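One structure below.
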Amino acid sequence: MPAKSQSHYEVIVIGAGVAGIYQIKLLSDLGIDATVLDAAGDLGGTWYWNRYPGSRFDSESYTYGYSFSKELLNEWHWKERFSSQPENRRYLNYVADKFDLRKYMQFNCKVESAHFDETNDLWRLRINDGRELTCHFVIMAVGLLSIPTPPRFKGMDKFKGRSFHTFYWPHEPVELAGKRVAVIGTGATGIQVIAEIADKVGDLTVFQRRPNWSAPLNNGPISNVEMADIRARYDEIFKTCARTPGGFEHEPDRRGFYETSREERVALWDKLYDSPGFAIWLRNFREIFTDEKANAEFSTYIADRIRRRVKDPAVAEKLIPRDHGFGVQRVPMETHYFEAYNRDNVHLVDISETPIVEVTETGLRTTQRDYEFDIIVYATGFDAITGAFDHIDIQGVDGVKLRDQWSEGPSTFLGMMVHGFPNFLMPSGPQSGSASTNYPRGIETGVNWCTNLLKYMRKHGYTRADATLGAQERWAAHVKEMYSAMLMRKAKSWFTGYNSNVPGHEHGKIRYLVYNGGSPKYVSKIREVADKDYAGIVFGRRSSRSGKGVGGEHFEEVAR
Ligand code: NA7
């Protein structure tokens, strides 16, 4: 742990999750004086927090791990194709310890504000423990889904049992045996937790507002022999991830949907339904994402698979989405999820028909009746992608607040910089490639790019970098254009900035949060900027007018 007496750093990284860990590794390699701050009690980000039963990757484990170190790749044995939260946390701790990164990290440090001090060309950060830290660069490694959003039901504080959002699932084991449990929400998280606890609780009632399309994860163990094979193929695996739109091993089927016969299509879908992970989504025909008719035909296929798995036809129909097609929202992957509803102790309440009115001392009241519970689990999602930025009072040049600037939706340069917020870098920011890819593949790209920018600035003696407004507007327009062909633009999901629990985000007014052009296109775009001497960025240099160091500096823009 760095000395808490140190108050100035060259770089402060906010967030000690997957992105922050890799970022501090690169900064420490370069000998840059940096620290990582995290509000949590330990490192791991998403994998520190989300301890709910069933929490695991939907990415193949060996494509989720870092690719930067051959030694690390050779040492780590992924035990399951889709690894679970405790193992993922162990992995991130292993990485931090192996590269001795913990010494740069400060925990239980919530950043409350970050203000750019233009006179001194510095960022001033206020921490919840009362300290003020300064730095020349802030790197936001704050995660995409790190601000949980519980619902806003009346009476939530009255409940006498235990209740928690899945993000805050307790660290100590929760006794589930014999308990009456409610789960609210059927997104990726709800689907994981419901399937996992159905046979462990006394009674489980699922409160579903809108069903999600979901398909089998097809998880399994990875033996020593398989792991040896994966190790031998790592170069090839990462090469494949780099050329696919989503940064996975899954490559889309290049045959045209309409050039194949119905039999050929069904043969592919039968195969994909039994294949691991996102294959069903990402190895599918590309038209599934863009063409209503193709999407509808495939959605009907999946609906039939659901009907075949759920015994009660009325329940099956309730589990089939009607307001959106398969894959236009993030597809939750499941393990025996639909079979959970065949159990006598599992009940489905459709709260689109009978909404929750309030939380009572003993449970929940819908418009139809009262329910009694020992535990209420809120699997109600996150203030995605921009939430973690909005939660910090970030002010750039002239005291402009980032949350005001982004009130109608974010506008960024490459998803990594914001005009008027100099030296403020976001390796996995809104509109970057990370949000729509296999996350670590995206963050390695983003972190490498940000680090190369710092190296470039060092080489040229630049001390300040700011994106131009024009470059930012062009990027935001490109991001918007990338949504235009996608059916997902019409869906009410976190990809489009919808969240019913966040004031202002509940009406489904689209916010362009993710980059939909695919990973290869994103990488080529950001590489082009770097190759052109960071076209779109204005650099500046501090010149010492009245002495050296903090407080005595003057800023000059560099003509290029
Ligand atoms: P999601 O995917 O945003 O799902 C949240 C779920 O909670 C979804 O079913 C919502 O229904 C439901 N929800 C949210 N608020 C309410 C209220 N107030 N009342 C009833 N139901 C509600 O979040 P997840 O945590 O499952 O997944 C997030 C990402 O984490 C996931 O995509 C992966 O990348 C990992 P709705 O659909 O809005 O009607």
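The values are calculated or read from the model by the stated rules, or taken from the named source; none is laboratory data. Since this is a predicted model, take the numbers as computed values, not measurements. Virtual Cβ from ideal backbone geometry, glycine too; neighbours counted across all protein chains shown. Only protein heavy atoms, including side chains, enter the accessible area calculation; ligands, DNA and RNA are left aside. Shrake-Rupley method; radii C 1.70, N 1.55, O 1.52, S 1.80 Å.
Structure notes:
- All told, Glu251 falls short of being surrounded by 19 or more Cβ atoms within 10 Å (Cβ to Cβ) and acidic (Asp, Glu).
- In the stretch 305-316, the residues that are open to solvent by less than 80 Å² (accessible area, probe 1.4 Å) and closer than 20 Å to Asp350 by Cα: Ile306, Arg309, Val310, Asp312, Ala314, Val315, Ala316
- Selection within the stretch 18-57 - farther than 16 Å from Tyr168 by Cα and within 16 Å of the ligand (Cβ to nearest atom): Val18, Ala19, Phe57
- The stretch 484-501, subset open to solvent by 20 Å² or more (accessible area, probe 1.4 Å) and not in a helix (DSSP H, G or I), residue nearest to His391 (Cα to Cα): Asn501
- Test: Ser261 is of a type in the set (Gly, Ala, Ser), more than 16 Å from the ligand (Cβ to nearest atom) and not assigned by TED's automatic domain parsing to the domain that holds Phe68: yes
Yes/no matrix, rows are residues, columns are (1) part of a helix (DSSP H, G or I); (2) in contact (Cβ under 8 Å) with a residue 24 or more places away in the chain; (3) crowded, with 21+ Cβ neighbours inside 10 Å; (4) more than 25 Å from the chain's Cα centre (by Cα):
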{"residue": "Lys239", "(1), (2), (3), (4)": "yes, no, no, no"}
{"residue": "Gly246", "(1), (2), (3), (4)": "no, yes, no, no"}
{"residue": "Ala296", "(1), (2), (3), (4)": "yes, yes, no, yes"}
{"residue": "Ile320", "(1), (2), (3), (4)": "no, yes, no, yes"}
{"residue": "Val328", "(1), (2), (3), (4)": "no, yes, yes, no"}
{"residue": "Asp344", "(1), (2), (3), (4)": "no, no, no, yes"}
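- Taking every residue in the stretch 486-511 that is over 22 Å from Glu292 (Cα atoms) and pairing it with any residue that is open to solvent by less than 20 Å² (accessible area, probe 1.4 Å) and among the β-branched types (Val, Ile, Thr), at least 6 positions away or on another chain, the pairs with Cβ-Cβ distances below 8 Å are Asn499/Thr149; Asn501/Thr149; Val502/Thr149.
- Residues (open to solvent by less than 10 Å² (accessible area, probe 1.4 Å) and more than 15 Å from the ligand (Cβ to nearest atom)) located in the stretch 202-222: Leu204
- Thr149 vs. criteria within 11 Å of the ligand (Cβ to nearest atom), β-branched (Val, Ile, Thr) and under 28 Å from Ile24 (Cβ atoms): no
- The residues of the stretch 351-374 that are open to solvent by 60 Å² or more (accessible area, probe 1.4 Å) and within 14 Å of the ligand (Cβ to nearest atom), listed by number, are Ser352, Glu353, Val357, Arg365, Thr367.
- Whichever residue in the stretch 502-526 is part of a loop (DSSP other than H, G, I, E, B) and of a type in the set (Lys, Arg) and, among such residues, is surrounded by the most Cβ atoms within 10 Å (Cβ to Cβ): Arg511
Residues are listed down the side, and each one gets a yes or a no for (1) in a loop (DSSP other than H, G, I, E, B); (2) not assigned by TED's automatic domain parsing to the domain that holds Ile351:
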{"site": "Arg152", "(1), (2)": "yes, yes"}
{"site": "Leu176", "(1), (2)": "yes, yes"}
{"site": "Ala195", "(1), (2)": "no, no"}
{"site": "Leu204", "(1), (2)": "no, no"}
{"site": "Pro211", "(1), (2)": "yes, no"}
{"site": "Glu226", "(1), (2)": "no, no"}
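- Contact map, the stretch 264-282: first residue assigned by TED's automatic domain parsing to the domain that holds Phe338, second residue basic (Lys, Arg) and not in a helix (DSSP H, G or I), Cβ cut-off under 9 Å, separation 6 or more or different chains; pairs are Glu264/Arg255; Leu268/Arg255; Leu268/Arg283; Lys271/Arg283; Leu272/Arg283; Ser275/Arg283; Pro276/Arg81; Gly277/Arg81.
- Summed over the stretch 281-316, the residues that are charged (D, E, K, R) and closer than 26 Å to Glu353 by Cβ give a count of 7.
- Any hit, the stretch 34-56, residues being open to solvent by less than 10 Å² (accessible area, probe 1.4 Å), without any contact (Cβ under 8 Å) to a residue 40 or more places away in the chain and over 30 Å from Glu132 (Cα atoms): no
- Condition broken by His419, with the remaining ones in (1) open to solvent by 40 Å² or more (accessible area, probe 1.4 Å); (2) of a type outside the set (Lys, Arg); (3) touching a Gly at 6+ places or on another chain (Cβ under 7 Å) satisfied: (3)
- The listed residue being in contact (Cβ under 8 Å) with a residue 60 or more places away in the chain and open to solvent by 20 Å² or more (accessible area, probe 1.4 Å), out of His165, His115: His115
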